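The values are calculated or read from the model by the stated rules, or taken from the named source; none is laboratory data. Quantities reported herein were computed from a predicted structural model and do not represent experimental measurements. All Cβ positions, glycine included, derive from the backbone under ideal geometry; neighbour counts span all protein chains shown.
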Amino acid sequence: MNASGYNDQYNPTGPEDAWRRLGALVVKHRWPIEPLGMTDADVLITDKRVAELLEKNGAEGGPKVLVDGQKTDGVIAASARVYVLLCSGELRRVRQLQSDYPDKIIFSVTYRDITTISDMSSLVAGREISLLAGLPCCGSDYLSRLIAENGLASVFDLFEEATVAWAHCASDFQPVRSALARIYEVDATQNKGRVCFRFDLGLFEQWRIEAKVSPRKLRFLVQRANARIIYMQRRNKAEQAIAANASTDHSLPKIELPSHPPTVLDIQNKALQFIALETRFEMLLSVMPQVRMLTFEEAIMSPVEIVKMLANFFEIPGLKKVRVFDPVPYQLHADWLTPFHQDFKAAILDYLGLIKNQQGSFARRGGVTLKP
């Protein structure tokens with residue numbers, strides 16, 4: 001979904017790899033201390049492995065860290081707030097602490113305010129929810145910026161990096177809860193409470209296979225929230241696959257491609273995977289009531305018209321001036337790109353059987369005599 005192909009960095013291959021990614025997040029963002037505003041006046045109750053992770057990766061200057069099961073009465077009583085981060089039983093532990101310490105503020109790190117799907121109606125009251133769905137590098141970064149800078153909605157990644165990694169480590173964590181908590185946290189006055197979640201189809205497919213988020217549950221949530229869906233595609237699947245395969249520093253202002261082109265076969269296989277994922281998602285879209293489909297190419301060619309269309313889709317009246325910006329950072333530039341496109345088109349046409357090579361048909365090569 002990201003123009004830089006960020007899906008690759010959000011794709012843990014298993015629990016051990018997810019733990020390593022969490023360690024990197026502790027180093028880079030002091031997760032979960034800084035994102036949740038923990039101070040040295042607070043306490044964090046967690047698992048032994050999480051405690052070791054925080055200590056090993058230098059998460060200093062934050063809350064007192066207690067391993068669950070230790071004697072905690074005195075420490076909790078002296079703390080301003082209590083945070084809980086457990087690989088299993090977090091929800092149960094939070095509720096127990098709320099019962100034992102009714103005057104204390106108890107936070108669940110992964111469930112946030114312990115919202116559940118049954119709380120949906122109260123969470124979305126006064127808010128308009130939309131989903132910006134697309135594959136990696138479909139151009140949703142560019143569209144997200146158009147949406148945000150024109151005040152159409154507050155844009156968030158549906159499943160942030162820490163959520164994705166933690167879902168592979170925790171046994172009882174439902175990623176859907178994180179999205180519900182994000183809705184709750186958005187200031188109702190900001191963009192009049194409109195929330196747009198970016199939704200990575202590649203990640204959704206991975207979690208569908210792992211039975212973490214089913215199409216049925218997604219459909220239920222979308223319908224329950226009366227959410228609008230913006231489905232973003234990129235017509236040029238070769239460029240999308242090239243961008244997804246590119247090894248980039250995601251802090252750079254634009255995509256940086258390698259000096260030499262990739263192989264046609266690699267890009268062909270990636271493009272076919274993208275097409276298969278989009279086809280599967282489009283079957284789900286067929287039962288959704290509020291959907292708008294657009295392409296990256298349309299967005300960069302006619303950004304003003306696209307913003308006006310989305311304003312109408314979001315039922316936002318009185319959009320007088322549209323703010324646009326240069327789409328160059330979201331486009332690909334390399335000396336080898338044009339000749340690669342020509343080679344790729346020829347290979348795809350040959351693959352699809354739409355042209356014959358100089359040796360003639362497969363039937364002739366097999367010795368079959370064809371009637372004129």
Practice task
Scan (1) more than 17 Å from VAL26 (Cα to Cα); (2) surrounded by fewer than 16 Cβ atoms within 10 Å (Cβ to Cβ) for the single condition GLU55 breaks and write down its number.
Solution key: (1)
Completion exercise
When the range 73-113 is checked residue by residue, the ones that are assigned to a loop (DSSP other than H, G, I, E, B) and either at pLDDT 90 or above or surrounded by fewer than 18 Cβ atoms within 10 Å (Cβ to Cβ) (or both) are ALA80, LEU86, CYS87, SER88, GLY89, TYR101, PRO102, ASP103, LYS104, ASP113
Exercise for the section: Give the residue that is surrounded by the most Cβ atoms within 10 Å (Cβ to Cβ), with candidates limited to residues of the range 22-52 that are more than 21 Å from ARG112 (Cα to Cα) and outside the structural domain of VAL82 (by TED's automatic domain parsing). Expected result: ALA24
Handout entry: Whichever residue in the range 139-156 is among the hydrophobic types (A, V, I, L, M, F, W, C) and assigned to a helix (DSSP H, G or I) and, among such residues, is surrounded by the fewest Cβ atoms within 10 Å (Cβ to Cβ)
Key = ALA148
Exercise for the section: Return yes when GLU315 is modelled with pLDDT of 85 or more, surrounded by fewer than 16 Cβ atoms within 10 Å (Cβ to Cβ), on the phi > 0 side of the Ramachandran plot and not aliphatic (A, V, I, L, M) and no when it is not. Expected result: yes
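Results for (1) in contact with a Pro (Cβ under 7 Å, 6 or more places away or on another chain); (2) among the aromatic types (Phe, Trp, Tyr), shown as yes or no for each residue.
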{"site": "GLY193", "(1), (2)": "no, no"}
{"site": "PHE199", "(1), (2)": "no, yes"}
{"site": "LEU203", "(1), (2)": "no, no"}
{"site": "VAL213", "(1), (2)": "yes, no"}
{"site": "PHE220", "(1), (2)": "no, yes"}
{"site": "TYR231", "(1), (2)": "no, yes"}
{"site": "GLU239", "(1), (2)": "no, no"}
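So that you can scan it fast, the table gives a plain yes or no per residue for (1) more than 24 Å from GLY37 (Cα to Cα); (2) at pLDDT 80 or above:
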residue: TRP166; (1), (2): no, yes
residue: PRO175; (1), (2): no, no
residue: GLU185; (1), (2): no, no
residue: GLN190; (1), (2): no, no
residue: PHE199; (1), (2): yes, yes
Practice task
Consider ILE300 carefully, then state whether it is in the same structural domain as GLU149 (by TED's automatic domain parsing), surrounded by 16 or more Cβ atoms within 10 Å (Cβ to Cβ) and under 23 Å from ALA227 (Cβ atoms).
Solution key: no
